[in-house]
1. If you check B:Ala93 against the conditions, is it over 29 Å from the mean Cα position of the chain (by Cα), under 17 Å from B:His147 (Cβ atoms) and among the small types (Gly, Ala, Ser)?
2. Checking the condition touching a strand residue (DSSP E or B) at 6+ places or on another chain (Cβ under 6 Å) and either under 30 Å from A:Tyr257 (Cβ atoms) or assigned to a helix (DSSP H, G or I) (or both), which residue from A:Ile165, A:Ile232 passes?
3. Given the structure, is A:Leu378 buried (at least 23 other Cβ atoms within 10 Å of the Cβ), in contact with a Pro (Cβ under 9 Å, 6 or more places away or on another chain) and over 20 Å from A:Ile158 (Cα atoms)?
4. Give just the number: which of (1) within 24 Å of A:Ile134 (Cβ to Cβ); (2) more than 15 Å from ligand 1 (Cβ to nearest atom) does A:Val425 not satisfy?
5. Only one residue in B:Ala310, B:Ala326, B:Ala335 is more than 24 Å from the chain's Cα centre (by Cα) and more than 29 Å from B:Thr130 (Cβ to Cβ). Which one?
6. Looking at this structure, is A:Thr406 within 13 Å of ligand 1 (Cβ to nearest atom), within 30 Å of A:Trp472 (Cα to Cα), in the same structural domain as A:Ser137 (by TED's automatic domain parsing) and of a type outside the set (A, V, I, L, M, F, W, C)?
7. Those residues that are under 12 Å from A:Ser130 (Cβ atoms) and assigned to a strand (DSSP E or B), I need them from region A:343-361; list them, please.
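The values are calculated or read from the model by the stated rules, or taken from the named source; none is laboratory data. No experiment lies behind these values; they were computed from the predicted model shown. Every residue, glycine among them, receives a Cβ derived from its backbone with ideal geometry; neighbour counts consider all protein chains shown. Note: accessible area is taken over every heavy atom of the protein model, side chains too, but ligands, DNA and RNA are not part of it. Shrake-Rupley method; radii C 1.70, N 1.55, O 1.52, S 1.80 Å.
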Amino acid sequence: MNANFVAGSLLPFGFHRLDDQSVVAVSAAGDHTFLTQQELLALIQTPETLELKKRAELQSKYFLTGNSSIGTLELLRSRIAARKETVLAGQSLHIIVPTLQCEHSCQYCQVSRRLEDVGHSMSPSQIDASCATIFQSQANALTIEFQGGDPLLRFDLIQRAIDLIQKMNLEHKRRIRFVVASTLHQLTSGMCEYFRSNQVYLSTSLDGPALLHNKNRPIPSRDSHARTLAGIELARSIMGPQAVAALMTTTKASLAYPEAIVDEYVKNGFTEIFMRPLSLYGFARRNIKHLGYTLPEFTNFYQKALQRVLEWNARGTELREGTAALIFNKLLSPFDAGYVDLQSPTGSGLAVLVYNYDGYVYPSDEARMLAETGDGSLRLGSIGDSLAQLMASPVMRQLIETSISTQAVGCETCAFNSFCGPDPVGAQAEFGDMRTVALLTEHCKRHKWLFEYFFRKLRTADDDFLDIAYRWAHPAGYSNA
Amino acid sequence: MRKVRVRTHGVEYRTVARVISLENLSAQWRPELRFLVRAADAEGITKVAQLRSAGLTNLISLTSSLHVADQWQAEPVVETGGILMDEDVVAFADHMNHAHVLYRYTDQHHTVFLTNRCNSYCLMCSQPPTKQDDSWLVNEAVEVANHIASSPHTLGFSGGEPLLLGEHLRLVLDTFAHQHPSTRYDVLSNGRLLANPIYAEHMLKGLSERVTWMVPLYGHADFLHDFVVQSPGAFEETLAGLLNLRRFGQAVQLRIVLIRPVLENLAALCEFIGRNLPFVREVALMACEPIGFALANPELTDIDLREWSAELSHGIRTLKRAKIPAILMNAPLCALPQILWPYAHKSISDWKRTFAEDCATCRVKTECAGLFSWHHPGKFSMKIQKIEGIINV
Ligand code: SF4
Ligand code: SF4
């Protein structure tokens, strides 16, 4: 082959050291390559000395340019644009919190109020005003998610919102999906019939085996687990096998049961599990000694759980782990799956809006939880404000300004800044200031660990693991935006 | 293109016509078309002659009998082989000694050849480009569009590089789309000229949605692709062209010809496609039968596909991971590992397709793409090995 064809120049990239002898390098497009120390030096100083195969790889992944670059630069622009799709295409996730009532009294829960505690619900006119704002978003596909408390306690408000949105959509013609997040304890077959005819999916919490789940989610009758499973079964029987997705929250008590938790999901017919760490702020912060755990404790737990998930897959039982899936999506797919926590600028407010029972609009779920602890500083405005007004709020401006990963202190040189960015809402919750340097935040530490962990796995991956990684990386089927 | 021996008199210029029976003539006759009317005997020829003198000057009679024809000076086209079929669209002229069958409805594959000129110079080109002016092919293509009686399911345009025709290509595409709105069209093009946004807009804006662009890509870096197509800058132009195709919502099939420098980097190329060109409809991996330029570059093109199973499997697995459909073309089953058989297409055109002697007793012959008709066992040819024993296909 004629090497004279090559006369490339270097494009900007970042790298992260994996050990003495090797790094993972990531280009502006988000493509990665593993380099030895020698290759890293050659890339920077004397790219023409790189072996031809490596040079081809580095050109094709936007580390080096070829002779001319009319096509390559155009492609690079389109790759970067595709990564920003989630935050640039308009708010696609709209969370409505019709009520704060809930029958549980979870130790780590920031928000819920007892059943008998009235006055923590939206008014019908607030529901209507929220729906009007939703349609001001430019997004073509909208997910409307109902949260609580337990929103099924105010099924009347859910129904009001869905009926109104369906009616308005006859004119707006968006692709709409509804999700109701609930314990499912109050679920009735009548509700299921209604959900089935309105393309509503259910999302519930399943923390693991009965003992653990009941410990995490106490109710007076001590049968939270059994009642949630009954709800899942009821929903599936009427709405179909894919009607319910489940999420788990890792508490200190969970740490001892990674395998049992995964097995519980398989046993109950789920094809997806999402190993989520606890957000260590809000109400939970007060109980941090009692409930909290360190990052290494979590990652240790997580690795064991993931290992179990992979074992199930190897045995032919399909099970997708949500955290791995979202990291793989970032590392391997040209399409952004729309996960709102890993966006730059932040997805808070740009991809998500929360219409809260208290009459205010918040930029994310975490932000409205923060308000429950007395910090209402992240309010974008009131329900009824137009989307344009909400977006023009000083809070929104600051959320954007502090979350550009290529500019923020610490992030600008981070190898992972194509996949990630500062989380100002988390910083506000953790340090009381959204301008806190990202490097100090839980968000950053956890995600750095995750990126590094999965890059190491990819470096040594066999074909079967790669098949799974790419399958999970694909946005289709990813249901917990 | 099928060639059929014919004898003509007085057909000075290459003429396109539709073969038709006398009975069907009244139903299909249109003033702007030309017809080759079957006349079995003297009576038939007389009938055609009468119609002509009555003003239907666009009729020429077609007979299979030299004897009958000889009773008439000039005029009838004689085809004794009985190969021409009703509704064939044919081109003929005195200087040709044969007729080209430009279109036959019952063929599996239909191709309209648009130009012999090209702006690339691929190592393995099966039809090395020429420079001479062949713009008459455009006119003939329009004639073909007009003369086809029954629209094909799919029709391909090939060259050379059709984009060199500029607005004339658009004219051809629009004519076909207008005359045969239900047909799907494939355009074989390297896409390079579509890098120019203004040209791309003229070519693509408002184009029929039933067109698929079949664009070759031979490497994931410029020096790999440009080497295969022997044209510096081609890679970047093709990429920019592909992006313009996407901008105008055009369907794209990428084509990868399996020669040595391509196979050596196949998985990396497939990964590049998955990450950067995920909008393509599919990727076709095509075995290369050494003819044309390929004969001049045997060290690069004369390969035994059976020795490249690992690369092929890896490439296809990479595409599968990216959820990009892959197909294997021109590859006989015995040259592929069995796990790749589901990807193999019977892609060789009927009139080009043949089998070797060994194939007669092969267990999978009915599922096999077969070989190109110019295949002859020897150094420069597809290496095959018949499949014996029990196989579940
Ligand atoms: S938050 Fe941390 S991991 Fe994310 S881009 Fe910034 S520095 Fe990197
Ligand atoms: S022996 Fe002939 S028919 Fe059999 S697979 Fe090979 S080429 Fe096809």
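1. No: the conditions fail for B:Ala93.
2. A:Ile232
3. yes
4. Against the list (1) within 24 Å of A:Ile134 (Cβ to Cβ); (2) more than 15 Å from ligand 1 (Cβ to nearest atom), A:Val425 comes up short only on (2).
5. Exactly one of B:Ala310, B:Ala326, B:Ala335 is more than 24 Å from the chain's Cα centre (by Cα) and more than 29 Å from B:Thr130 (Cβ to Cβ), namely B:Ala310.
6. When the stated conditions are applied, A:Thr406 does not pass them.
7. A:Leu353, A:Val354, A:Tyr355, A:Tyr360, A:Val361
Conditions (1) assigned to a strand (DSSP E or B); (2) over 24 Å from the mean Cα position of the chain (by Cα); (3) over 21 Å from B:Leu123 (Cα atoms), marked per residue:
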residue	(1), (2), (3)
B:Leu193	no, no, no
B:Leu224	no, yes, no
B:Leu254	yes, no, no
B:Cys270	no, yes, no
B:Glu289	no, no, no
